[in-house]
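Encoded as structure tokens, the structure appears first; notes follow it.
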Amino acid sequence: MIENLTAAALTDLLHESTRLFLPGTTGEPLALRNRLEEHEDSLGHLSVLTNFVAGLNDFAHPVLTGAMESAGFFPASELPAYRQIIATYSGIGRQLAQFAPDITFVPTTIPDARGYVGCGLSAEFVRDALETSGRVVALANPALPRLINGDLIHRDEFSAIFNDEAAPLALASGGTDPDDIGDEIARNVVSLVDDGAAIQCGIGKVPSLFLKHLRSKKRLRVHSGIVTESIRGLVEADSIDREFPIVCATIAGSHAFYCWLDGREDFLLNPVRHTHSASILSRIEKFVAVNSALQVDLLGQVNSEGFGAKPISAPGGLPEFCRAGHQSSGGCSIIALPSTASRGKRSRIVSSLASTLPVTIARTDVDFVVTEYGIADLRAKTASERAAELVAIAHPDFRAALIEAAP
């Protein structure tokens, strides 16, 4: 029988280890943060690998600020000893295996009568951790929803278990303020989606509005890296095909949403090795990938990582999902964004991406670009035809300059 840890023993385990994998998104082990807030000075022996995500997780974590060295996949310029590894989300499992952590802490549901736990809100790298980490501690939390068809793991597969009462990580609400631009973008995107499509979308205001306007559709399937509370409206509007589970690696929302999820059979948490797998995605017909970006140039190249020298995000799963949508039979890849940034002072449709900026998504993997001014259809277009399509959906204040710079 595995050991049930006390809070003191939880800390002792960390002090005995040298390499820690710190899960991110809603799989963040908040009990660890709460326990170590006053012990930052005792963590200088640690090397840490994390998949913390900018905008979801707080990088001012005692483990990250106190560690000898840390690395992850999203930018964290506030951490002087932190390295950002360039990789897509599906590549994190390989990096985790190479890192070979001594210890990993993962939130789980409490064991059922047979001793099985669920992954709660995130199954992203739990299986990878069990395969590669010297010890894996389950943080069993009664506040985490149990999904009937989730990835269940027997408690004996863990090295130890800790009874966790920390409130799960909740995703802050995007607010209820009117957003005419976001609504127009969302309506334009929805016009590209047919009944029976398989949907993937990211997080943020535009994706949330997209899901809201998608309620007019029927028999939809969902296969995504992350699913947020906006999905609830689609379920309650009977827009989801009941023959297919909602597949994702992570769920994020409010605590009320988590209570609504508990006991449901129509959500299926799978690891990233499944949700982001090229071989699995390639078999999904009518797969529509909808994602945001920071800039699109007149070739159709996409930058989703930063405006200047300082990165603000990372590729994440965008390259994998966009390529899958582009290659899917009956599907497509859609980039949706407002036409301007900086309160209208800067165009998001640009003549070319700056040489210092990364190309997150290749021009060959983008089918449609959508702003509040319309839809640019880039399929089967020459370079000059693509440029004309993109200029037409740019903000009118910037079109003349873009036309002058177009190929």
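Quick note: the coordinates plus some simple rules give every number you see, no bench work behind them. All figures in this text were calculated on a predicted structure; none of them were measured in a lab. Glycine also receives a Cβ, built like all others from the backbone with ideal geometry; neighbour counts cover every protein chain displayed.
Overview of values
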quantity	calculated
26 Å Cα cut-off, lysine pairs counted over the chain (separation 8 or more, or different chains)	10
Assigned charges on the beta-carbon of Lys, Arg, Asp, Glu; the chain dipole about Cα centre (debye)	1040
Diffusion coefficient, µm² s⁻¹, Stokes-Einstein with Kirkwood Rh over alpha-carbon pairs of the range 3-163 at 20 °C and 1.002 mPa s	136
Using alpha-carbon coordinates, inclination of helix 180-190 to the longest axis of the chain, degrees	90
All Cα pairs of the chain, percent lying beyond 37 Å	24
The range 180-405: antiparallel DSSP beta bridges as a percent of all, rounded to 5	30
Lys/Arg +1, Asp/Glu -1 at C-beta; the chain dipole; positive extreme among His223, Ala362, Val137	Ala362
Order of Asp262, Asp367 under a 10 Å beta carbon neighbour criterion, fewest first	Asp262, Asp367
Segments 341-354, 91-104 sorted - mean Cβ within 10 Å per residue, highest first	91-104, 341-354
His45, His395 arranged by Cβ crowding within 10 Å, fewest neighbours leading	His45, His395
Whole-angstrom Cα spans of the range 69-188 along principal axes, big to small	52, 38, 25
Helix-derived mean residue ellipticity, 222 nm - over the chain, DSSP H n ≥ 4, -39500 (n - 2.57), to 500	-7000 deg cm²/dmol
Estimated translational D of the range 278-406 in µm²/s (Stokes, Kirkwood radius over Cα pairs; 37 °C; 0.692 mPa s)	224
